[in-house]
Amino acid sequence: MKVYDAIVIGAGHNGLTTAAYLAKAGMDVIVLERQPYIGGATVSRELYPGFTYSNCSYVCSLMRPEIMRDLELPRHGLQVIPYEGGVTMMRNGDYFATYPNHDQNRREIARHSAHDAEAYDYFGAETLRQCRFIKKMLLTTPPDPTSFKPRDLFGLLDIARRFHGLGEEWMYDTIRFWTMSCADFLDQYFESEVVKGHLAGTSIIGTALGPYSPGSAYVLLHHYMGEVDGSIGSWGYARGGMGAVSGSLANSFQSYGGEIRTAAEVEQIIVKNNRAVGVALSGGEEVLGKMVISNMDVKRTFDKSMDPADLPEDFLHRVRNFKIRGSSGKLNIALDGLPDFPSIPDGCRGRTGDMHVSDSMEYLERGYDDWKDGTWSREPYIDMMIPSLTDPTMAPPGKHYMSVFVQYVPPYLADGQWNDEKRAAFGKTVIDKIAEYSPNFKDLILHAEVRTPWDIENETGLTEGNIFQGELTMDQLMFNRPVPGYAQYRAPVKNLYMCGSSTHPGGGVMGAPGANAAREILLDMRIKT
Amino acid sequence: MTPEPYEAQLLETPFHARTSSLCSTRQWGNWSGFASVNAYTSVDMEYFAARSTAALFDISPMTKYAITGSDAASYLNRLLTRNMEKVKPGRVVYAVWCNDAGMVIDDGTVFCLGENDYRLCSQERHLPWLLDSAIGYNVEIKDITSGIAALAVQGPTSSAVLKAMGLVGIENLKPYSLTEFDLDGHSLMVSRTGFTGDLGYELWIDPGAAELLWDRLMEVGSLYGLRPMGSEALEMTRIEAGFIQAGVEFFPGDLPTRPDRLRSPFELGMGWLVDFDKGHFIGRRALLQEKKTGSRYALVGLDIEGNKPALHSFVYQGKDTEVGIVASAMWSPTCKRNIAIASLKTPYHKDNHGLWVDVYVYRELKWERIHASCKVVDKQFFNPPRRWATPAGDR
């Protein structure tokens with residue numbers, strides 16, 4: 001029976017990234033995917049004729065340019081197109097837009113607060129400083145502060161040196177930044193509620209925290225540290241939907257001789273003599289490999305796909321307590337035309353980017369309160385975009401695809417499990433909310449895919465539908481991610497590795513966990529690249 | 001009325017009323033004496049329109065000569081290095097022409113409108129050279145630059161835009177071909193040509209119908225993401241496509257004032273345009289000699305480490321041997337590579353080891369020097385299949 005050099009469980013973007021790097025280095029790699037299609041949460045599907053959805057993740061910024069270059073993703077079909085700013089529609093009928101042009105942006109903020117218009121530059125400089133500090137760590141394996149290995153010591157020394165390089169004042173700021181709430185962070189700069197409400201959106205995305213919760217400032221940064229073509233903090237669309245990211249990774253992987261098998265669900269990771277030797281598929285078939293690499297989140301990997309007897313109890317205990325709470329839902333909508341948004345003036349290009357209705361910090365926090373009560377937000381946070389305004393491949397001319405990310409949506413409801421009826425009620429809440437700002441919206445709907453955390457877990461395998469494979473809070477970052485002592489992509493079982501977003505530097509379509517895991521594996525294999 | 005020289009530095013193109021009302025950056029450049037928009041709203045977004053939807057670019061300032069008369073074909077065969085006998089009416093070719101020393105005077109496109117009826121489009125003006133080399137031929141050469149309004153529609157949805165405007169069958173037009181349509185009684189010539197290296201068309205019309213054409217395109221184009229593009233975004237697409245530009249990759253004709261600054265077609269990677277079998281042409285003897293003894297330079301594409309454009313950097317080999325210079329450089333948003341077009345001394349373009357460039361980046365009161373290794377690659381960095389597909393795709 002064939003023994004592969006490596007088996008990767010899950011054809012998400014990180015699994016494919018690891019697989020492509022290993023295949024490029026000459027290894028014989030197979031990727032096993034449970035679904036009949038690849039991509040995990042980086043997926044595009046046609047669920048209504050003529051329309052392509054980005055069913056889960058929907059925008060691109062964090063994907064590391066180094067990976068795109070190493071794996072030649074543009075040649076394999078990836079094109080990322082930036083979009084121009086965004087807009088928040090306000091309950092009083094006004095709007096707040098952002099623009100890529102500095103002075104247009106300044107004048108727009110000044111319509112809401114003259115003070116904030118100029119404070120925006122300070123805010124921008126501070127986030128850039130923090131991004132620059134953290135950027136170097138993204139494609140680096142986190143050094144273990146308890147280890148005396150030279151590589152860990154050098155890694156720590158490097159962080160310490162760069163930290164001291166920030167200077168006294170910025171060192172204090174950096175430490176505070178990593179633990180403070182988004183509200184406290186924004187209050188340092190802004191007074192206008194709508195400006196803060198608009199900016200705070202990214203501090204809660206994918207996270208079961210409110211903007212007043214400590215730690216939420218870091219989540220905001222996590223969404224700023226991406227780039228499109230060197231423009232830090234910019235976001236874009238993958239042409240053809242997010243499936244183009246996984247598709248180009250798969251093409252790259254296959255060009256190096258890699259093999260992808262879909263509709264192959266891994267039921268168990270087989271361990272013999274404390275070594276991973278292969279996997280058992282749900283049909284009973286076994287696939288053997290010299291190593292197994294899991295792109296699944298840590299709970300799914302260790303708690304659901306392994307025999308507990310194969311794992312140390314301490315480790316398993318920490319895995320079970322890893323915070324991976326679901327907080328978001330998604331609607332994908334096919335539209336017969338462009339919806340009117342009367343509060344946004346014609347010619348304002350904010351509508352080609354992210355659109356929101358959360359015009360204050362309180363709006364967001366109240367939404368979080370509902371989540372804590374075990375129900376979806378009655379006034380939900382909405383991150384809504386119309387990619388077809390930028391990407392002609394998503395919908396027929398004149399028709400549009402709308403992607404609506406929604407928060408907060410709990411994985412378990414106070415009155416029981418999710419079911420079809422509750423999903424429909426959740427969808428109605430969101431559609432009604434959008435229709436408050438768009439009178440012709442409901443008439444244009446041709447098809448809508450409504451996804452709760454329950455659906456996301458069932459389809460992609462993400463525990464509780466948590467889009468980051470684990471929350472991005474200080475206690476679960478860097479050398480603590482996913483579990484202290486196991487942050488360097490190796491599991492407590494020999495020849496078993498982790499490459500998903502549960503590992504450093506975390507979630508978002510970044511590819512960094514996958515690239516870092518590949519580097520560690522090649523190091524263990526003593527393969528030089 | 002064309003203003004007198006004392007009245008205006010720059011002339012307006014036939015689209016000026018439209019382009020000026022849309023140019024919200026107020027950034028204009030000088031293209032051959034015409035005011036040309038550098039950027040309408042955002043260079044990046046205009047660039048991405050050309051790469052993802054469609055972009056509209058005013059190419060009216062391009063220098064255009066009408067070349068007619070019973071000797072027109074044989075005259076062009078003498079002037080240009082490529083064989084014009086093979087070029088039939090309805091076709092467009094890219095061509096270069098040289099001086100007697102085999103050095104390139106300019107490059108351009110030649111449109112074969114009919115038997116002995118040509119249009120030559122170039123970056124620079126060359127009337128004296130064209131007329132002088134026509135002595136003895138029955139041929140008439142006229143500068144018709146101001147007599148034709150022209151627009152480029154470039155990008156993946158460009159064919160769909162033209163189809164929606166009523167140009168029936170446009171998708172069947174082959175690359176480097178031209179055809180005629182009627183636009184409300186005006187004759188509209190359309191060629192499948194362009195400077196972006198993507199699917200795209202150029203539209204040529206009487207200046208009186210210029211605004212009609214612009215309005216019609218913008219009206220139907222709104223469903224297809226059509227967006228006006230300025231010359232800065234065009235320049236990005238030009239470099240990605242690996243096209244050379246007069247005054248950048250080479251200095252045209254007899255204008256450089258320093259010796260050794262000229263380049264031959266071979267030294268610009270244009271050897272494929274030289275046809276020694278067609279009989280005599282200007283520069284033939286010198287080019288034959290160069291073929292025998294070898295070229296001094298080679299124009300290559302470079303893939304450079306990092307993301308800082310290496311514009312006008314020296315190219316070094318080994319420790320510090322200076323082997324060439326970067327002519328054009330940019331971060332390519334589509335290829336996600338730091339690309340450049342460079343002129344290297346031969347034979348350094350062949351040994352792809354140990355090449356590097358020195359990039360200087362000025363950051364907050366400090367020069368930072370980046371030693372970036374690079375390698376020679378095909379300079380056609382971007383060349384998608386949709387550029388060549390017939391029938392042309394919709395998106």
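If we scan the stretch A:364-386, do we find a residue that is crowded, with 20+ Cβ neighbours inside 10 Å, of a type in the set (Ser, Thr, Tyr) and in a loop (DSSP other than H, G, I, E, B)? Spell out how you get there, then give the answer.
Taking the stretch A:364-386 as the starting set, the residues that turn out to be crowded, with 20+ Cβ neighbours inside 10 Å are A:364, A:367-368, A:371, A:376-377, A:380-386.
Now restrict to residues that are of a type in the set (Ser, Thr, Tyr): A:368, A:377, A:381.
From what is left, the residues that are in a loop (DSSP other than H, G, I, E, B) are A:377.
Yes, the stretch A:364-386 has at least one match.
Looking only at the stretch B:221-238, which residues are within 14 Å of chain A (Cβ to nearest Cβ) and of a type in the set (A, V, I, L, M, F, W, C)? B:Leu223, B:Leu226, B:Ala233, B:Met236 - these are the residues of the stretch B:221-238 that are within 14 Å of chain A (Cβ to nearest Cβ) and of a type in the set (A, V, I, L, M, F, W, C). Residues of the stretch A:158-214 that are assigned to a helix (DSSP H, G or I), under 27 Å from A:Asp354 (Cα atoms) and among the aromatic types (Phe, Trp, Tyr): A:Phe177, A:Trp178, A:Phe185. Here B:Thr179 clears all of (1) within 19 Å of the chain's Cα centre (by Cα); (2) under 22 Å from B:Ile67 (Cα atoms); (3) part of a strand (DSSP E or B) except the condition numbered (1).
Of A:Leu389, A:Leu413, all but one fail to be crowded, with 17+ Cβ neighbours inside 10 Å and within 14 Å of another protein chain (Cβ to nearest Cβ); the exception is A:Leu389.
Checking each residue in the stretch B:330-347 for being hydrophobic (A, V, I, L, M, F, W, C) and within 14 Å of another protein chain (Cβ to nearest Cβ) picks out B:Met330, B:Trp331, B:Cys335, B:Ile339. Residues of the stretch B:91-107 that are part of a strand (DSSP E or B) and farther than 16 Å from B:Phe195 by Cβ: B:Arg91, B:Trp97, B:Cys98, B:Val104, B:Ile105.
Is there a residue being within 14 Å of another protein chain (Cβ to nearest Cβ) and under 24 Å from the mean Cα position of the chain (by Cα) anywhere in the stretch B:136-149? No, that holds for no residue.
Looking only at the stretch B:348-373, how many residues end up being away from chain A (no Cβ under 13 Å), charged (D, E, K, R) and over 12 Å from B:Lys308 (Cβ atoms)? Of the residues in that region, 3 qualify.
Of the residues A:Val298, A:Val292, A:Val357, which is in contact with a strand residue (DSSP E or B) (Cβ under 6 Å, 6 or more places away or on another chain), of a type outside the set (Gly, Ala, Ser) and under 27 Å from A:Gly39 (Cα atoms)?
On the way: A:Val298 fails: in contact with a strand residue (DSSP E or B) (Cβ under 6 Å, 6 or more places away or on another chain); A:Val357 fails: under 27 Å from A:Gly39 (Cα atoms).
Only one candidate passes the filter, namely A:Val292.
Taking each residue of the stretch B:293-308 that is over 22 Å from B:Trp331 (Cα atoms) and looking for partners that are basic (Lys, Arg) with beta-carbon atoms closer than 7 Å, six or more apart or interchain, yields B:Arg296/B:Lys345; B:Tyr297/B:Arg263; B:Tyr297/B:Lys345.
Which members of the stretch B:302-321 meet the condition of being crowded, with 19+ Cβ neighbours inside 10 Å, within 14 Å of chain A (Cβ to nearest Cβ) and under 16 Å from B:Asn352 (Cα atoms)? Within the stretch B:302-321, B:Ile304 is the sole residue that qualifies. Cβ-Cβ distances below 6 Å connect the following pairs, each with a first residue in the stretch A:409-428 that is more than 15 Å from A:Asp370 (Cα to Cα), a second residue that is surrounded by 12 or more Cβ atoms within 10 Å (Cβ to Cβ), and a separation of six or more residues or different chains: A:Trp418/A:Thr452; A:Trp418/A:Trp454; A:Arg423/A:Val450; A:Arg423/A:Thr452; A:Gly427/A:Val450. Is it the case that the stretch B:322-336 has a residue that's surrounded by fewer than 19 Cβ atoms within 10 Å (Cβ to Cβ), assigned to a loop (DSSP other than H, G, I, E, B) and acidic (Asp, Glu)? No - not one qualifying residue is present in the stretch B:322-336. Answer yes if at least one residue in the stretch B:226-243 is under 26 Å from B:Cys23 (Cβ atoms), touching a His at 6+ places or on another chain (Cβ under 6 Å), modelled with pLDDT of 95 or more and part of a helix (DSSP H, G or I), and no otherwise. No, the conditions are met nowhere in the stretch B:226-243. Residues in the stretch A:237-282 that are more than 21 Å from A:Thr17 (Cβ to Cβ) and aliphatic (A, V, I, L, M) were compared, and the one that is nearest to the other protein chains (Cβ to nearest Cβ) is A:Ala263. Quick one: A:Ser203 ticks every box in (1) touching a Ser or Thr at 6+ places or on another chain (Cβ under 9 Å); (2) farther than 30 Å from A:Ala518 by Cα except a single one, so which number is it? Every condition holds for A:Ser203 apart from (2).
Would you call B:Val110 aliphatic (A, V, I, L, M) and part of a loop (DSSP other than H, G, I, E, B)?
On the way: aliphatic (A, V, I, L, M): yes; part of a loop (DSSP other than H, G, I, E, B): no.
It is false that B:Val110 is aliphatic (A, V, I, L, M) and part of a loop (DSSP other than H, G, I, E, B).
On the given criteria, is A:Val271 in contact with an Asp or Glu (Cβ under 7 Å, 6 or more places away or on another chain), assigned to a helix (DSSP H, G or I) and at negative phi?
Numbers: in contact with an Asp or Glu (Cβ under 7 Å, 6 or more places away or on another chain): yes; assigned to a helix (DSSP H, G or I): no; at negative phi: yes.
The answer is no for A:Val271.
The residues in the stretch A:120-151 that are among the β-branched types (Val, Ile, Thr) and more than 23 Å from the chain's Cα centre (by Cα) can be counted, and the count is 1. Looking across the stretch B:184-236, not a single residue is more than 20 Å from B:Ile148 (Cα to Cα), in contact (Cβ under 8 Å) with a residue 60 or more places away in the chain, of a type in the set (S, T, N, Q) and surrounded by fewer than 23 Cβ atoms within 10 Å (Cβ to Cβ).
The values are calculated or read from the model by the stated rules, or taken from the named source; none is laboratory data. Keep in mind that this is a model prediction, so the values were computed, not measured. As a convention, Cβ positions derive from the backbone with ideal geometry for all residues, glycine included, and neighbour counts pool all protein chains shown.
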